[in-house]
Structures are given as C-alpha cells and as structure tokens.
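**Student:** Provided herewith is a single structure, encoded as structure tokens, for subsequent inquiry.
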Amino acid sequence: MDNIPDEPVVIVGNHTQMHGPIACELFFPDSYYTWCAAPMMKLKEVPSYAYTDFWSQKPNYIRPLFKIVSYIIPPLSVFIFNNARTIAVYKDNRILSTFRESVSKLQKGNSVIIFPEYDKKYNNIIYDFQEGFVDMARLYYKRTNKELSFVPLYIAPKLKKMYLGKPIKFSAENPIEEERRRICDYLMNEITDIAIGLPEHTVIPYRNIPKKYYPKNIKEKKNEKTPS
C-alpha cells in the first residue's frame, strides 16, 4: 500500500477472471469501489453475459454444463454485486453515468478499482486495455483542478498475493488521445514487470482458456507465440 498516494486514486489491475474483483472486494479497505459490468447486476442479463464472458471459451464438451450454470447464478450475482462496493459499468452512452459516479466517489475521498482488459492479447501476462477509463481523469480535473493518479495492480492468485506498482499521473496539458495511450502503456508494462520479477508461478489469464494453456510469469521472447 506504500505505492498508493495519500489521495484518491484509480487502481488498474489484471482481471484474473473472477479472482480480481473478488479479491479487491474482500481485501481492500472500505474506501475502494470496484467497477462492475452492469449486466452482472441485472437478473435478466446475467445468463447471457456470464456465459459469453466467462465460459464460452471452455472446451466444447463442458460448455453445456456452464450454460446451465449461467441460468442458476443470476439471483446470487445480483445479490452480491448490488450489495458490494461496486460501480455499474455500461458499454453504451450510459458510460457517462459510470464516470459521474466514479468521480463523485473520488471527490468524497474514495478510490476506484478497474479491470480494463479485453479480448486482445498484449503479452503472456496481460491482455490489452480498453483505454476509455482514462477519460475519468479529465472529468475529475474539470471538477477539482487536480490531476488523478493511476496505480498498477498485479494479482497473483497462485501466490495468494496482490502487488501494487508505482503510480502514473494524468497530465491535463496533453491531448486526451495521447494520455489514454501513455497511461495504458505504462500500466500494462508495469504490471508485466511486476509479474516477471516475482517467483515463478502460473498466471491466471483474462480469457477463460483451458488450464493447460495458462502461461508462466517468464519474460516472453520476441516472436514467441503462445495460445491466445
């Protein structure tokens, strides 16, 4: 926690499937709020979202079982995520409400946790980041005249630990397009460096791929190809 500035921040981590959100809810202080996919908070939308996002990449022979599971979990999902320290995240114009709620939490002295990976591989440790979350810093600056810091987080379930890296601060002087890329590149590279510097362990990837394809936290060689 020494790497977290003494002010509200945005912590950005590797998703590690369901491990990331659960670990942060359980082990971070009450002043931290985690972005949560809005469909997981709505009874009718849970089955489709859960199956597609969590289990659609499982081996063909076991997918029917997870299809059934996706229709069993909605009551539990809705109960947990609506009662946890969460902020609903939308993938349409309603994302503005996500930003407003997040900035409101920050203004009240809370911090926000985000897992922005999506289905595009960056390296053997992490998948590429959706860059839009950086725009929150621009709104925060407009309201407070303060430049928001982003803190990288590497979650290693196999080591049963979470590691926080050095923060990077948003620059209000730079074009937002440049800031999105600069901040995301720094965070992804810092998370990768943290992982590689730890004792050898299995990395839990963003995609729910067969476990035999889970990578190790070793430095990826150039032109080395691993299952995506």
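**Student:** Which value, in Å² rounded to 10, gives the accessible area of Y214 with a 1.4 Å probe and all protein chains present?
**Tutor:** Counting only protein heavy atoms, Y214 exposes about 30 Å² to solvent.
**Student:** Let me ask another. Between Y90 and Q57, how high is the FRET efficiency from 1/(1 + (r/R0)^6) when r is the Cβ-Cβ distance and R₀ = 25 Å? Nearest 0.05.
**Tutor:** With a Förster radius of 25 Å, E is 0.60.
**Student:** Nothing charged except the Cβ atoms of Lys and Arg (+1) and of Asp and Glu (-1): what's the magnitude of the dipole of segment 1-65 about its Cα centre? Round to the nearest 20 debye.
**Tutor:** It works out to roughly 640 debye.
**Student:** Once neighbouring chains are kept in place and the probe is 1.4 Å, which whole percent of the accessible area of segment 1-84 is contributed by carbon and sulfur?
**Tutor:** 62
**Student:** Per residue, what accessible area does the chain have, given a 1.4 Å probe and all protein chains present, in Å²?
**Tutor:** Roughly 54 Å² per residue, with all protein chains present.
**Student:** Taking the Cα-to-Cβ direction at R143 and at A172 and moving 7 Å from each Cα, how far apart do the two end points lie in nm?
**Tutor:** 1.4
**Student:** Each label point is 7 Å from the Cα along the Cα-to-Cβ direction; what then is the distance between the points at D30 and K221, in nm?
**Tutor:** Going by the 7 Å Cα→Cβ label model, 5.3 nm.
**Student:** May I have the convex hull volume per residue, in Å³, for the Cα set of the chain?
**Tutor:** Normalising the Cα hull of the chain by residue number yields 130 Å³.
**Student:** Report the Cα centroid-to-centroid distance between segment 97-152 and segment 46-77 in angstrom, as an integer.
**Tutor:** Here the answer is 28 Å between Cα centres.
**Student:** Could I ask something else about it? Positive end of the dipole of the chain, charges at C-beta (+1 Lys, Arg; -1 Asp, Glu), about the Cα centre: which of I191, F129, W55 has its Cα farthest in that direction?
**Tutor:** Farthest towards the positive end: W55.
**Student:** May I pose another question? With r as the distance between the Cβ atoms of K120 and Y213 and R0 = 25 Å, compute the FRET efficiency 1/(1 + (r/R0)^6) and round to 0.05.
**Tutor:** Efficiency at R0 = 25 Å is approximately 0.90.
**Student:** Could you identify which residue out of I191, I87, I209 has the top mean-square fluctuation in a GNM of the chain using Cα springs shorter than 10 Å?
**Tutor:** Of the options given, I209 has the highest mean-square fluctuation.
**Student:** So, one more: Return the sequence-ordered ³J(HN,Hα) values of segment 155-164 in whole Hz as given by the Karplus equation 6.51 cos²θ - 1.76 cosθ + 1.60 applied to θ = phi - 60°, using x for Gly and Pro.
**Tutor:** Running phi through 6.51 cos²θ - 1.76 cosθ + 1.60 with θ = phi - 60° gives 9, 10, x, 5, 9, 6, 9, 10, 10, 9 Hz.
**Student:** Treat each spin label as a single point 7 Å out from the Cα along the C-beta direction, and report the R181 to E131 distance in nm.
**Tutor:** Result: 0.6 nm between the two label points.
The values are calculated or read from the model by the stated rules, or taken from the named source; none is laboratory data. Note that the structure is predicted; figures quoted are calculated from it, not measured. Note that we place each Cβ from the backbone using ideal geometry, even for glycine, and neighbour counts take in every protein chain shown. Keep in mind that these areas ignore ligands, DNA and RNA; they rest on the heavy atoms of the full protein, side chains included. Shrake-Rupley method; radii C 1.70, N 1.55, O 1.52, S 1.80 Å.
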